[in-house]
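Trainee: Would you mind keeping the following structure in view while I ask a few things?
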Amino acid sequence: MKIIIMCFCCLYSGALFASVQDNISLCEAIAIVAGNVMQERQDDVPLSVQKSIALEYEDGARELYEAIVEDAYDLPILLNDAQKQQAVESFKLEYFDYCEHAEVSE
């Protein structure tokens, strides 16, 4: 799954992150999206809501968003706010690191 995500990061990132400020990197934008998805996961937002959000994106960006959602929703909802915040930050960092590695590998 992570390989698929990184391929989409490299190939289809523009449409997903068009609304993000131009002065931040692609990897930062991916990390922000991943963090938002994980925050919603920790807030117990139903998967169906995430799936409807995914429909707003173009094909490649949709697949990237869906992959992030799938990864986030494979993880449990944690018990307290500190654990939830740590999960969000860890998830963001994980995606940032995957993206940075994929950019260097190209």
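Trainee: Order of 89-99, 29-39, 64-74 by packing, highest average Cβ count within 10 Å first? Could the numbers behind the result be given before it?
Mentor: Working: 89-99: 18.0, 29-39: 21.5, 64-74: 19.8.
Output ranking for 89-99, 29-39, 64-74: 29-39, 64-74, 89-99.
Trainee: Per 0.36 nm of contour for each residue apart, how much would the distance between Asp97 and Asp43 grow if the chain were fully extended, relative to their Cα-Cα spacing? Spell out each step's value before the answer.
Mentor: Numbers: separation 54, 0.36 × 54 = 19.44 nm, distance 2.42 nm.
Separation in residues times 0.36 nm, less the Cα-Cα distance, equals 17.0 nm.
Trainee: May I ask for the net charge around Gln39, where only other residues with Cβ less than 15 Å from the Cβ of Gln39 are counted and Lys, Arg are +1 while Asp, Glu are -1? The partial results should precede the final answer.
Mentor: On the way: positive: Arg41, Lys84, Lys92; negative: Glu40, Asp43, Asp44, Asp71, Asp81, Glu89, Glu94.
For residues surrounding Gln39, the net value is -4.
Readers should treat all values here as calculations from the given coordinates under stated rules, not as data from a laboratory. Bear in mind the structure is a predicted one, so any value in this text is a computation, not a measurement. Neighbour counts run over all protein chains shown; Cβ positions are idealised from the backbone, glycine included.
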